[in-house]
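The values are calculated or read from the model by the stated rules, or taken from the named source; none is laboratory data. Computed from a predicted structure; not experimentally measured. Cβ placement follows ideal geometry from the backbone for every residue including glycine, while neighbour counts extend to all protein chains displayed. Accessible surface areas use protein heavy atoms only, side chains included; no ligands, DNA or RNA. Shrake-Rupley method; radii C 1.70, N 1.55, O 1.52, S 1.80 Å.
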Amino acid sequence: MPRITVTVRSTVGSTMGRQDDAAHAEPEPPGHLGGWPVGQGSVPDTLGEDGRPVEALVLMQEPALPGDDVAAWPVAVLHVVDGDRRTDELLCIAETECFVDLVDVADLGRWHAEPTAWATALARLSPGSTPHVTDCGSRAEAEHLVEQTRHACQLLTGCLE
């Protein structure tokens with residue numbers, strides 16, 4: 001699984017957290033709203049079909065400030081329609097020990113992190129939009145998206161090795 005960096009633009013609270021969080025000793029995140037914070041941002045050195053860096057949502061242990069770079073692991077791809085715009089959002093987890101058991105789509109349910117929970121966070125991060133999740137792709141699909149969009153960026157910038 002490739003490690004990526006997500007440059008965060010904004011962060012919101014979420015309802016996502018392990019079903020067995022009460023049995024674990026990790027402290028609740030600051031400003032705890034019943035779940036872990038979710039940041040929205042972009043992945044540097046990638047080029048999506050729309051000519052912009054790939055968008056990502058990242059589940060974090062602590063909120064990030066706008067402009068913060070968060071080391072993360074992609075675990076899935078959220079396929080979203082908002083009006084007439086179709087987009088793919090990488091679903092990521094911050095590189096921290098508390099998320100080691102969240103590695104693919106099958107693990108999302110244990111964390112109350114089903115696609116609808118991500119869509120709710122996405123709607124809160126994008127006021128005025130009404131994102132609709134059409135599908136959720138696997139970690140392998142997320143890794144392919146990262147590889148493909150990094151390659152497209154390298155082609156554009158002339159940095160192909």
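Tabulated data
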item	result
Pair residue 156, residue 124: separation of 7 Å Cα→Cβ label points (nm)	3.1 nm
Carbon and sulfur %, accessible surface of the chain computed with the full protein complex present, 1.4 Å	52 percent
Difference of contour (0.36 nm per residue) and Cα-Cα distance, residue 85 to residue 104	4.3 nm
Cα-projected label distance for residue 135 with residue 68, points at 7 Å along beta-carbon direction, nm	3.4 nm
Projected-area average for the chain over all orientations - Cα convex hull basis, square nanometres	9.3 nm²
Total formal charge among the other residues, if their Cβ is under 15 angstrom from that of residue 50, Lys/Arg +1 and Asp/Glu -1	-3
Per residue accessible area in Å² of the chain, where ligands, DNA and RNA are left out and the probe is 1.4 Å	52 Å²
Residue among 100, 54, 77 with the largest mean-square fluctuation in a Gaussian network model of the chain, springs linking Cα atoms under 10 Å	100
Mean separation of Cα contacts under 8 Å, 6 or more apart, over the residue count of the chain: relative contact order %	26 percent
Rounded to whole Å, sorted largest first: equivalent-ellipsoid semi-axes of segment 85-161, Cα gyration tensor	25, 19, 11
